[in-house]
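Below: one structure, written as structure tokens.
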Amino acid sequence: MELRRLTDRVFYTMFSKESDRPVLGYIQGQKRSIMVDSGNSKNHVEMFNEAVRKEGFRKPDVIAITHWHWDHTFGMHAVEGVTVTHKKTNDKLAEIAKWEWTDSEMKKRLAEEVEIEFADTCIRQEYPLLSEIRVVTSDISFSGSMEIDLGGLVAELHHVASPHSDDSVCIFVPQERVLFISDAVGVDYYNNCYLDKDQLRSLLTAIEGFDFDTCVVGHAEPVSKQKKLPS
Ligand SMILES: [Zn+2]
């Protein structure tokens, strides 16, 4: 795993399809740095930290979470910095933290439609030993939005409407013109892949409001916003 450069102060690591590992972000200030999402396991966190170390950068001081889905949060117990989530994310994590990770309990959750097939399959791929799964809540939670001063660089966390999950948070770095939206534009896998068009419309309006050049998504290459031609 390697850290890829988006701007002088914003980096990311690639997603991987095998066990549905998402893109992770690294935002580097003079005093502090942020990791965007905690990845899906301790292994994922360790690979990320190794990529950061290879560049000679500091370990992330703050870990900002984009939404509750397992692939973005199950590494939270293994990070060293302070974790930050939206309140709704934290409520959901508190619920999942009570789940038992045995074959039979996982099958039961599938039968009761508490869990979805895709997540179940990928979790089993990431964790040959299910007993290694640990789900924790965050150190700090917020509603609305919050700003984090990294030293010469500010990161903004904004709760946004999203058809993917109602706790979706976008992370905007205005000085670097980078916006992390994670999976926010996707369908709701936990509601039969339903796409709520009103939620999508609100999200797109919110995204339009951010002045960015590059948009970092959860499970694909970052995309650049097409520059408008001068009229
Ligand atoms: Zn997701």
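For the chain, relative contact order (Cα pairs under 8 Å, six or more residues apart, normalised by length) works out to 18 percent.
With a ≥ b ≥ c the root eigenvalues of the C-alpha gyration tensor of the range 47-158, is it rounded (a/c under 1.5), prolate (a/b larger than b/c) or oblate? Judged from the Cα gyration tensor, the range 47-158 comes out oblate (a/c at least 1.5, b/c at or above a/b). Ranked for footprinting exposure by Cβ neighbours inside 10 Å, fewest first, Y12, Y189 give Y189, Y12.
So what does log10 I(q)/I(0) come out to for the range 4-221 at q = 0.09, 0.17 Å⁻¹, using the Debye formula with one equal point on every Cα and no solvent? Calculated log10 I(q)/I(0) at the listed q: -0.33, -1.23.
The spacing between the range 1-66 and the range 141-170, judged by their C-alpha centroids, is 17 Å. Each Cα pair under 8 Å and six or more residues apart adds its sequence gap; the mean of these over the residue count of the range 139-216 is a relative contact order of 27 percent. Residues F212, F11, arranged from fewest to most other Cβ atoms within 10 angstrom of their Cβ, appear as F212, F11. Assign one of three labels to the range 134-231, namely rounded, prolate or oblate, based on the Cα gyration tensor with a ≥ b ≥ c the square roots of its eigenvalues; rounded applies when a/c is under 1.5, prolate when it is not and a/b is larger than b/c, and oblate otherwise. Taking the square roots of the gyration eigenvalues as a ≥ b ≥ c, the range 134-231 is oblate. Restricting to DSSP H runs of at least four residues, report the calculated mean residue ellipticity at 222 nm for the chain, -39500 (n - 2.57) per run over all residues, nearest 500 deg cm²/dmol. Estimated from H runs of four or more residues: -7500 deg cm²/dmol. By the count of neighbouring beta-carbon atoms within 10 Å, fewest first, W70, W99 end up ordered W99, W70.
Every number here is computed from the coordinates shown, using simple stated rules; none is lab data. Keep in mind the model is a prediction, meaning the values are calculated, not measured. Cβ atoms come from the backbone with ideal geometry, glycine included; neighbour counts cover every protein chain shown.
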